[in-house]
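First up is the structure itself, then whatever we jot down about it.
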Amino acid sequence: MWYPRPERIVVLLSLLAIVVGFGLLVGGANLLVDGACRLAARFGMPERVAGLTVVAIGTSLPELVVSITSAAAGHADMAFGNVVGSCLANLLLILGLSAVIAPVALSRGTIRFEIPVSVAACALLALLANTGGEVTRFEGVVLLLAFAAFLVRTTQMGLKEGADEKDAGSREGAGEQAAGGRRPSVAWALWLVVVGAVMLKVGADLVVDNATLVATTAGISERVIGITVVALGTCLPELVTSVVAALRGNSDIAVGNVTGSNIANLLLVMGGPALVSSIPYDAAYNLDLALVAAFSLALVGFCYVGRRHEMSRVNGVIFVVLYAAYIAASVLR
């Protein structure tokens, strides 16, 4: 009688765990989007701001946990690869796929504030990391303070924007639709956000851990695993959340999720692990950080093509193709 080898059993169980992880990611993304929309409707906050804050931080939790674990274990390449790989996946793959589903409109605030902040975050991280060849605990504090300042400024701008565009009738209608004819409950919305974030975290862990286990059997380097398998795994919450938001017509959530997650990755996800232990920096990542900044600026350029301030389906295809080229080049390099 034939029995499968132990290695095959491990691979099959890992693939099953990955499927379960995807299910948790899809369910968690739906809950997180629902909760963020309810909170936005309840407080009159634009959905873009909800995507930049609550959704972005919630979907960045997998990157944060993986990076802290990697830094504590002395795997700096995994931490940096996770961050830059996730940022590029957010920009090229996630936003690209969202635009393929439906053209993604970018608000004036995204073009004039969030995207410039993400470019500045790339420059700040590169400056600190190249000064001494590592990200120290002090520099980690600097990154975290910069992220806190971004959150405060974003919330202030969002509340002001919501007040300036206040429309009691439309807000009441949105609230009734979100809560079955009643104003959305803050407690219930927060519960949806928390449960959704937990499901995203567990699902991402299942996908990342088991995908890494499968990948390491092929002898792939730590840096390549960080940029590809781990980055793709930890950005799955952003991918599912943005795609779900795009399918439901919440383009502000999709764009805010991507730009907010990139800023969170560069400042929060790198600043947090640095508090645990100084993270050695490989200058090879300068190119990846430059690509994140360049593609962010390219996104602004796309918005002015045709003067429609949106990312078209053609632009989305271009971004997805560029991401595939980046992954291929990284593996070959």
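The values are calculated or read from the model by the stated rules, or taken from the named source; none is laboratory data. Note that the structure is a prediction, hence the values are computed from the model and not measured. In this analysis, Cβ positions are derived from the backbone assuming ideal geometry, glycine residues included, and neighbour counts consider all displayed protein chains. Only protein heavy atoms, including side chains, enter the accessible area calculation; ligands, DNA and RNA are left aside. Shrake-Rupley method; radii C 1.70, N 1.55, O 1.52, S 1.80 Å.
Tell me, in nm to one decimal, what length is gained between Leu275 and Phe22 on full extension, where the rule is 0.36 nm per residue of separation less the Cα-Cα distance?
88.0 nm
Using the Karplus equation 6.51 cos²θ - 1.76 cosθ + 1.60 (θ = phi - 60°), what ³J(HN,Hα) coupling, rounded to whole Hz, does each residue of region 94-101 give in order, writing x for Gly and Pro?
These are the phi-based 3J(HN,Hα) values: 5, 5, x, 5, 4, 5, 5, 5 Hz.
Pop a pseudo-label 7 angstrom from the Cα along the beta-carbon direction at both Arg137 and Val195 and give the gap in nm to one decimal.
Between Arg137 and Val195, the simple spin-label model gives 4.0 nm.
Quick check: with the 1.4 Å probe, what order do Arg108, Arg333, Arg8, Arg38 take by accessible area, largest first? List each step's numbers first, then the result.
Values: Arg108 165, Arg333 140, Arg8 105, Arg38 45 Å².
If we order Arg108, Arg333, Arg8, Arg38 from most to least accessible, we get Arg108, Arg333, Arg8, Arg38.
Sorted by average packing, counted as other Cβ atoms within 10 angstrom per residue and highest first, what order do 223-231, 279-287 take?
Highest to lowest by the protection proxy: 223-231, 279-287.
Which residues' amide hydrogens lie under 5 Å from the amide hydrogen of Val135, considering only partners 5 or more residues apart or on another chain, with H built in the peptide plane?
Ile279, Tyr281
Provide the per-residue ³J(HN,Hα) series for region 237-247, in order, calculated from phi with Karplus coefficients 6.51, -1.76, 1.60 and θ = phi - 60°, each as a whole number of Hz, with x at glycine and proline positions.
x, 4, 4, 5, 4, 5, 5, 4, 4, 5, 5
Could you list which residues have their amide H under 5 Å from that of Glu310, counting only those 5 or more apart in sequence or on another chain, with H placed in the peptide plane?
Long-range HN contacts for Glu310: Leu106.
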